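The values are calculated or read from the model by the stated rules, or taken from the named source; none is laboratory data. For clarity, every value in this text was computed on a predicted model and none was experimentally measured. Reconstructed Cβ throughout: ideal geometry from the backbone, glycine too, with neighbour counts over all protein chains shown. All accessible areas refer to the heavy atoms of the entire protein, side chains included, with ligands and DNA or RNA removed. Shrake-Rupley method; radii C 1.70, N 1.55, O 1.52, S 1.80 Å.
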Amino acid sequence: MPDARFFLSGTPLTLAQLAKAGSADLVRGDPDAVIETVAPLALAGARGAAFLGDKRYRADLAATRAGAVFLAAPDADFAPAGVGLLVTPTPQAAWSAAAARLHPPRRLEPDQARHPSVELEEGVLIGPGVVIGEGVAIGARTRIGANVVIGPGVQIGRDCDIGPNVSLGFCLIGDRVRIAAGAVIGEPGFGVAGHASGLVDVVQLGRVVIQDRVSVGANSCIDRGAYGDTVVGEGTKIDNLVQVAHNVRIGRNCILAGHVGLAGSVVIGDGSALGGRAGVTDHVTIGKNCRVAAASAVSSDMPDGETWGGDPARPIKRFLRETVWLAKQARGRAGGEHG
């Protein structure tokens, strides 16, 4: 179930209503059966709706306990008995439409700078122009800079320093965290699905969890999870203009230099460091105490303790050897042409 501090529980839907919301055909199941929530295949219960968007996850479909599943017609035979089947050529988009109905996000109330439910511990300093939503709690001695926007349900720890023009939503922030000017925490991750009407944004129902002693640089963005959490571990330091996508999990005491970009579901182990403008493709795992050279592009898993460089990134000694060889070949060819 999505965190109630950030998402409302909408009116439950029957399978018939669910099919209509997702523009799907109900091919199996009681039309009057009730669905209350959405979840991934592996987590959904009897009153939950899930989807299968990729045949690689048919094993999860076969084991699901979901009350209903959106799927394409060829996948229907892999579903267990008793699961309501909602057939559509665009399962993820259909699931997203249902999610938007069942779990709308909490919004800031118009014309209200500070909701009366806000809890401030001793010594909190609030700058001018700050907007704070319902259910927010801010720990002792934390400083909130000018024009910061804090969405409903956000929890901020003690001795934090939140710079001006920061946007915080759908997030839990630990103690002694520093977030520099213009950073954006908790916006939707970049999820897109095909639909008959064109591309649609997929609803993002997760959170951002920032642990103690983290620093986030100016104008960096950390997206909330698609369903689970995006996590930044204790003591990690993030430079300016860094992009952390949904469901990324960064370990403790990591370093991300400026312009680093992490795609969705990347995992970075404790003590690893990424040089400026390094990029990591989705679902890649970087081990503990790894080093990624500046401007490298990591597209495969890195074992613990290794240093990689290049595009595509590979072990640094191999990368340097290949670079030297290529330079020699280029010089030799240039010499031959002038001779």
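Of the residues 239, 229, which is open to solvent by 60 Å² or more (accessible area, probe 1.4 Å), at negative phi and at pLDDT 95 or above? Step through it out loud before you land on a result.
Numbers: 229 fails: open to solvent by 60 Å² or more (accessible area, probe 1.4 Å).
The unique qualifying residue is 239.
So which of 282, 270, 311 ends up being of a type in the set (Asp, Glu), open to solvent by 60 Å² or more (accessible area, probe 1.4 Å) and either in contact (Cβ under 8 Å) with a residue 24 or more places away in the chain or within 27 Å of residue 225 (Cα to Cα) (or both)?
282
Can you tell me which of (1) open to solvent by less than 30 Å² (accessible area, probe 1.4 Å); (2) over 19 Å from the mean Cα position of the chain (by Cα) is the one residue 175 doesn't meet?
Among (1) open to solvent by less than 30 Å² (accessible area, probe 1.4 Å); (2) over 19 Å from the mean Cα position of the chain (by Cα), the lone unmet condition for residue 175 is (1).
Search the range 46-58 for residues being within 21 Å of residue 1 (Cα to Cα) and over 23 Å from the mean Cα position of the chain (by Cα), and hand back the single one that is least open to solvent (accessible area, probe 1.4 Å).
46
This table checks each residue for (1) among the charged types (D, E, K, R); (2) within 21 Å of the chain's Cα centre (by Cα); (3) open to solvent by 70 Å² or more (accessible area, probe 1.4 Å).
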site: 60; (1), (2), (3): yes, no, no
site: 65; (1), (2), (3): yes, no, yes
site: 77; (1), (2), (3): yes, no, yes
site: 81; (1), (2), (3): no, no, yes
site: 99; (1), (2), (3): no, yes, no
site: 104; (1), (2), (3): no, yes, no
site: 113; (1), (2), (3): no, no, no
site: 122; (1), (2), (3): yes, no, yes
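A quick yes/no check of all residues on (1) of a type in the set (Lys, Arg); (2) closer than 24 Å to residue 244 by Cα; (3) part of a loop (DSSP other than H, G, I, E, B):
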{"residue": "110", "(1), (2), (3)": "no, no, yes"}
{"residue": "134", "(1), (2), (3)": "no, no, yes"}
{"residue": "140", "(1), (2), (3)": "no, no, yes"}
{"residue": "172", "(1), (2), (3)": "no, yes, no"}
{"residue": "182", "(1), (2), (3)": "no, yes, yes"}
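So is residue 109 touching a strand residue (DSSP E or B) at 6+ places or on another chain (Cβ under 7 Å) and either among the acidic types (Asp, Glu) or surrounded by fewer than 12 Cβ atoms within 10 Å (Cβ to Cβ) (or both) or not?
no
Give the residues of the range 189-220 that are in contact (Cβ under 8 Å) with a residue 40 or more places away in the chain and in contact with an Asp or Glu (Cβ under 6 Å, 6 or more places away or on another chain), sorted by residue number.
Selection gives 189, 206, 207, 211, 212, 217.
Looking only at the range 124-138, which residues are farther than 17 Å from residue 166 by Cα and either over 29 Å from the mean Cα position of the chain (by Cα) or open to solvent by less than 70 Å² (accessible area, probe 1.4 Å) (or both)?
Matches in the range 124-138: 135 only.
Does residue 99 satisfy the criteria of being among the small types (Gly, Ala, Ser) and either touching a residue at least 12 places away in the same chain (Cβ under 8 Å) or under 26 Å from residue 3 (Cβ atoms) (or both)?
Yes.
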